[in-house]
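This report concerns only the one structure given below.
Every number in this text was worked out from the coordinates using simple rules, so none of it is lab data. Keep in mind it's a predicted model, so treat the numbers as computed, not measured. Don't worry about glycine lacking a Cβ; one is built from the backbone with ideal geometry, like all the others, and counts go over all protein chains shown.
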Amino acid sequence: MKIHYFSSEGWEEDFIKNKLPNDEIIFHLGSIADFQDVSDSEAEAICTFVETKIGEIEMSRFPALKLIATRSTGFDHIDLAAAKARGIAVVNVPFYGENTVAEFAFALLLALSRRIVEADERVKETGTFSTKDLRGFDLAGKTLGVIGTGHIGAHIIAMANGFGMKVVGFDAYPNSELAEKLDFNYISLEELLATSDIITIHTPYNPQTHHLINKENINKIKKGAYLINTARGAIVETEALVEALKNGTLTGAGLDVLEEEGDMNDELALLTASHPKEDELKIALENHYLINHPRVIVTPHNAFNTSEAVERILTTTIENIKAFSAGSATNVVS
C-alpha cells in the first residue's frame, strides 16, 4: 500500500520502513495539520496520532483512502461517521500501556499528596530547604475512586492496594470477578464522588462519557478531594472543574489531558480569528487558570510516553497495517 505516515518522531521513519518493506511509505515530520497542502490521489492509508483531528476535509485530500491507522487507543480525534460514509476502515491500538498510564496516574497522585513539584521548585528557585507549608498526606487508609475499571483501571486498583488504600469503582459494565480478585466494591458514580478522597478517571471518551463529571454533579464530590485525569479532557467539564477548585470542593488536580487542549497549541489564531468559537475560547482561557493553579499539575498528554509503550504502539500499528493489507483487518473501530 501507499501510506502517508505523520509523526513528530523522526526516528520512526526508518523503523516503519524496515518493518513494512513492501509498502510505499511517505513520511512527514509533523502532524496532518502541519501539512495542509499534502494530498495524494493514490494513497490508500494514513497513519497518525491523537494530536490532529481527522474529518471530512482531511479525508477528501486522499480520495483513494481505505485505512486510517491511529497510533492510539482513543479515536475520538477521527470522524468515524465520515470514515464510514467513505468506506474507510479505522484501526487503533487497544492495548499498549495499561501499566504505563496507571504508573503515570499514580505519579501525579504521589506528586500531589507529597507536594513534590512545589518542594522541588522551592529548592531550585530559592536555594532554601524549608519545609514550611509543604506538609502532605498519607495514601494509606484513603479512599480511591476509580472511574473505569478496564485494563488501566485494574492496574491502578492493584497499585492502590499496595499502598493500603480502600478502593471503590464505577463502571458502565461492572466486572464482579475483578472486584473479588482485587478486593474492591462497585458503587454508583454519585456515591463514588461523595466518598472518595481521590478520584481517578480511566474510562474511554465517547458521547456517553462526555462531561461525565459536570456542573450538575461536581459539587457532590467529597469536600477537599483530589482529581486525577489521564484519560480524555472532555470527560470533565472544564468550567465545572475550575469552579470546584475555586470553591474548595476540590483541593487539587493532576491533569495529563485538558478539554480542547489542541487550542492551547494555537492560542494566537484562536484569539485573533475574525469569528472565534466562543465556547472553545472560553475553555482555553479556563485551561490557563488550571495551568497556573498552585495545586494543579498539568502535563502534556504524556502518560503513554515510555520507550516500552511506544515500541508496543508501533508494533501493533504495523501488525494492523499488515493485517488490513492481507484482508483480515484487526483492531477495527469503524
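Descriptive notes on the structure:
- Each Lys and Arg contributes +1 and each Asp and Glu -1, all at the Cβ; summed about the Cα centre of the chain, the dipole is approximately 920 debye.
- Where only DSSP H runs of four or more residues are counted, the chain gives -11000 deg cm²/dmol as its mean residue ellipticity at 222 nm, each run worth -39500 (n - 2.57).
- Cleavage-rule hits (GluC sites (Glu not before Pro)) in segment 155-245: DSSP loop, at most 14 neighbouring Cβ within 10 angstrom: Glu216
- Of the residues Ala160, Gly74, Gly55, the one whose Cα sits farthest towards the positive end of the charge dipole of the chain is Ala160 (charges of +1 on Lys and Arg Cβ, -1 on Asp and Glu Cβ, taken about the Cα centre).
- Convex hull volume per residue for segment 98-298, taking Cα atoms only, in Å³: 130
- Cα gyration tensor shape of segment 1-45, rounded if a/c is under 1.5, else prolate or oblate by comparing a/b with b/c: oblate
- Separation of alpha-carbon centers, segment 110-165 and segment 186-204, rounded to whole Å: 18
- Within straight-line reach of Lys223, meaning a Cα separation under 28 Å, sit the following lysines at least 8 residues removed in sequence or on another chain: Lys132, Lys142, Lys166, Lys215, Lys246, Lys282.
- Selection among Leu290, Pro174, Gly136 by position relative to the dipole of the chain gives Gly136 as farthest towards the positive end (Cβ unit charges, Cα centre).
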